[in-house]
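For reference, the structure discussed in these notes is given below.
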Amino acid sequence: MWHCLVIEDDYENARYIANGLNELRHDAVVCGNGADGMRRASEQQWDIIILDRMLPGNIDGLSILSTLRALGNKTPVLVLSALSGVDERVRGLKSGGDDYLTKPFAFSELIARIEALIRRAGSDDTVKQLRVGDLKLDLISRKVERSGKLINLQPREYRLLVHMMQNAGNVVTRTMLLESVWDYRFDPQSNVIDVQISRLRRKIDTGFQTQLIHTVWGEGYVLADQGQVTGQDIAQS
């Protein structure tokens, strides 16, 4: 069941959409003006927002779109509008709309577009946290903790840790680190990597019984919990 917000000032059109959604066993809430729609859109969680482009008062559809996106709200928004010109459709999409459907429209097309938007949103499997053993890294807040203890990292140390945690259990070579963390396309023939690994190891492993950062002689480094690395010449310093 979809949780749908319909922001539409045309009563007949809003009822047509809501009734059709309800018949398909979806939940539809209708707001008849921009102010109420903005409040409901920002205060509650929705699977889809169906938004009329032209609304009465000082808050129109594009204003709602721009405000939601500025607030970080990523709810899929399908814009409905009688304005069918290319420039108008472009404005709707650039304001943050995920799709733009012109009036009049077939209800079957409306549902097909909603399904596509919800499917696309549901396929967003972006990783927000990385974990290896008792080490946790939050990619949103950039906070790093081990066993609940906050670990403060410099920007380069943070990038290095992210790369190693994304490849946890696998050896990351010198070349991989130079390209991914330092943005080098050549080897400067310096000990820059060794120095940063040493600093990161002190912050991540010092004071903990289990060591997570290991050196693989002749290959590179690996970040892994105890027992995850086998068959390699491992050192911890």
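The values are calculated or read from the model by the stated rules, or taken from the named source; none is laboratory data. These numbers were taken from a predicted model, which means no experiment stands behind them. Glycine also receives a Cβ, built like all others from the backbone with ideal geometry; neighbour counts cover every protein chain displayed. Areas reflect the complete protein model, heavy atoms only, side chains present, ligands, DNA and RNA absent. Shrake-Rupley method; radii C 1.70, N 1.55, O 1.52, S 1.80 Å.
A few points about this structure:
- Across the stretch 148-165, the residues whose backbone nitrogen lies under 20 Å from the label position 7 Å along the beta-carbon direction of Gln209 are 148-150.
- Anisotropy class of the stretch 1-60 from Cα gyration tensor, a/c 1.5 cut: oblate
- Cα centroid of the stretch 152-194 to Cα centroid of the stretch 46-94, whole Å: 42
- Accessible carbon and sulfur surface of the chain relative to its total accessible area, %, 1.4 Å: 47
- Of Leu24, Thr102, Val90, farthest towards positive along the dipole that unit charges on Lys, Arg, Asp, Glu beta carbons give the chain: Val90
- The chain - Rg and Dmax from Cα coordinates, angstrom: 25.5, 73
- The stretch 1-115 shape via C-alpha gyration tensor axes, a/c threshold 1.5: rounded
- Using 0.36 nm per residue and subtracting the Cα-Cα separation, the extra length available between Lys103 and Arg202 on full extension is 29.4 nm.
- Net length available on complete extension from Asn170 to Asn152 is 4.0 nm, with 0.36 nm assigned per residue and the Cα-Cα distance removed.
- Other residues with beta-carbon under 13 Å from the beta-carbon of Asp10 carry, at +1 per Lys or Arg and -1 per Asp or Glu, a net charge of -1.
- Bridgeable lysines around Lys74 (alpha carbons under 17 Å apart, same-chain partners fewer than 8 residues away excluded): Lys94, Lys128.
- Helical content alone sets the calculated 222 nm signal of the chain at -11500 deg cm²/dmol, taking -39,500 (n - 2.57) per DSSP H segment of four or more residues and averaging over every residue.
- Within the shell of other residues whose beta carbon sits under 13 angstrom from the beta carbon of Gly32, the net charge comes to -3, with Lys and Arg scored +1 and Asp and Glu -1.
- Furthest towards positive pole of dipole, Tyr158, Asn58, Ser81, structure part the chain, Cβ charges: Tyr158
- With at most 14 neighbouring Cβ atoms within 10 Å, loop trypsin sites (Lys or Arg not before Pro) (DSSP) excluded, longest segment of the chain: 75-127
- Relative contact order of the stretch 39-121: 29 percent, from C-alpha pairs under 8 Å at least 6 residues apart in sequence.
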